[in-house]
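Visitor: Here it is, the structure in full.
The values are calculated or read from the model by the stated rules, or taken from the named source; none is laboratory data. These numbers come from a predicted model, not from an experiment. Counting neighbours? That spans all protein chains shown, and the Cβs are built from the backbone with ideal geometry, glycine included. Just so you know, the surface numbers come from the protein's heavy atoms only, side chains and all, with ligands and any DNA or RNA stripped out. Shrake-Rupley method; radii C 1.70, N 1.55, O 1.52, S 1.80 Å.
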Amino acid sequence: KYTNSILVEDLVSHFKILASDSLEGRETGKLGQKMAAEYIANQFRRIGIPPYKSKTYYQKFKVKSRGHLRQRIILKKKYVKGENVLGFIEGTDLKDEILIITAHYDHLGKKDSLVYNGADDNVSGTAAILEIAEAFMKAKKDSAGPRRSVLIMPVSGEEKGLLGSKYYTENP
């Protein structure tokens, strides 16, 4: 019954916001990515999902980037500052086992006046995990939550070399 709470209208709403020109393509380290992270954290707050192991939803990282995986050229190394957004739904009797549901919410940003909105890469995945998170949280509130804990983890830095995912695996 909780999957019935995943509505096309809600997916479209997330989609329109996250893929909008106002988020400037969500390039990791840029204002649009920070705004997207804030939107995701606010959605976690709205549905009652607490942050993971701290008072903040953000797992901040600062790592060296070599430029974009598809360009085949090595750009001058620079630091990229991004955030993974972590929401945690504690399980019941198997709560020490964790299921991680993830998607990346960053994209290529903008070049001149052209915004790379990243609707399929990966706004669609991010919208989906927000709705899945809401279904899990509704089940938990009805005492029908998962036996295992669920970590909802939208990551950034994917377009810069899987940086957010790598950071989490090295610093869970």
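Visitor: With point charges of +1 on the Cβ of Lys and Arg and -1 on the Cβ of Asp and Glu, referenced to the Cα centre of the chain, which listed residue (TYR39, ILE98, ASN171) lies farthest in the positive direction of the dipole?
Guide: About the Cα centre, the residue reaching furthest to the positive side is ASN171.
Visitor: Taking the Cβ of TYR57 as the centre, find all other residues whose Cβ is under 14 Å away and add up their charges (Lys, Arg: +1; Asp, Glu: -1).
Guide: Taking every other residue near TYR57 into account, the sum is +4.
Visitor: Need one number: % antiparallel among DSSP beta bridges in the range 15-172, to the nearest 5.
Guide: Bridges in the range 15-172 that DSSP calls antiparallel: roughly 60 percent.
Visitor: For n ≥ 4 DSSP H runs only, could you compute -39500 (n - 2.57) per run for the chain, divide by its residues and tell me the 222 nm figure to the nearest 500?
Guide: -10000 deg cm²/dmol
Visitor: Under 9 Å from the Cβ of GLY118, count the other residues' Cβ atoms, weight Lys and Arg +1, Asp and Glu -1, and hand me the total.
Guide: Charge balance in the 9 Å sphere: -3.
Visitor: Which entries in LYS16/LYS81; LYS30/LYS141; LYS110/LYS140; LYS30/LYS166; LYS53/LYS81 show an alpha-carbon gap greater than 31 Å?
Guide: LYS30/LYS141; LYS110/LYS140
Visitor: Just order 82-92, 4-14 by mean Cβ neighbour count inside 10 Å, highest at the front, would you?
Guide: 82-92, 4-14
Visitor: If I compute solvent accessible area with a 1.4 Å probe over the protein chains, what percent of it on the chain is carbon and sulfur?
Guide: 54
Visitor: Given charges of +1 on the Cβ of Lys and Arg and -1 on the Cβ of Asp and Glu, with all other atoms neutral, how large is the dipole of the chain about its Cα centre, in debye to the nearest 20?
Guide: The calculated dipole for the chain is roughly 840 debye.
Visitor: Right, something else. With a 1.4 Å probe and all protein chains left in place, how much accessible area per residue does the chain have, in Å²?
Guide: On the way: 9530 Å² over 172 residues.
Averaged over the residues of the chain, the accessible area is 55 Å².
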